Amino acid sequence: PVPRPRTGPAPRAAFQPVTIRTARDAVTAAALYLRWLGYRDIRRADQRPPSGIGLAARGIVAQVDPTVRPASLRDVECLWLTAMTESAGCVYFSLAGYEKDARAGADSLGVPLFVLDLTGTPQPANSLADELVASGG
């Protein structure tokens, strides 16, 4: 048999979601997804976000918004500012999606956005999130 060329690192195993029934489930799903992307030592963030729950790992801060209200531009900007003060990247997970101006603001600030579906699988909500999934953490 002819050996196949190696193309980069081995592909990741499929993400194993956790069904979302509670706010805690949403946080667990986001933490598992961050780990799947390659981030390690995920913990509660030192700074509490204005809404939702903050997670952090080396080089990244994440916000998980388990409410039924779409995330606002202010929510995205606050996460971005927190990431800047910690010299880290950031990512936002929302159960209810994003307001239109929040999506536009996230694109201009470089914030990957994910929507958590009830199966617990984060769905990329902007091209930055697609790029994060493709490249890993």
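Considering each of Arg40, Arg48 in turn, give the residue that is under 20 Å from Ala14 (Cβ atoms), of a type outside the set (Ser, Thr, Tyr) and at pLDDT below 95.
When all the criteria are applied, what remains is Arg40.
When the residues of region 81-120 are narrowed to those that are open to solvent by less than 40 Å² (accessible area, probe 1.4 Å) and among the polar types (S, T, N, Q), which ends up nearest to Val61 (Cα to Cα)?
Selected residue: Thr82.
Of everything in region 52-67, what is surrounded by fewer than 16 Cβ atoms within 10 Å (Cβ to Cβ) and over 12 Å from Leu116 (Cβ atoms)? Give them in sequence order.
Once the filter is applied, which keeps residues that are surrounded by fewer than 16 Cβ atoms within 10 Å (Cβ to Cβ) and over 12 Å from Leu116 (Cβ atoms), region 52-67 yields Arg58, Gly59.
Regarding Val76, is this residue hydrophobic (A, V, I, L, M, F, W, C), exposed (fewer than 13 other Cβ atoms within 10 Å of the Cβ) and more than 17 Å from Arg35 (Cα to Cα)?
no
The values are calculated or read from the model by the stated rules, or taken from the named source; none is laboratory data. It should be emphasised that the depicted structure is a prediction, and the values quoted were computed from it without experimental measurement. For neighbour counting, all protein chains shown are included, and Cβ atoms are generated from backbone atoms with ideal geometry for every residue, glycine included. Just so you know, the surface numbers come from the protein's heavy atoms only, side chains and all, with ligands and any DNA or RNA stripped out. Shrake-Rupley method; radii C 1.70, N 1.55, O 1.52, S 1.80 Å.
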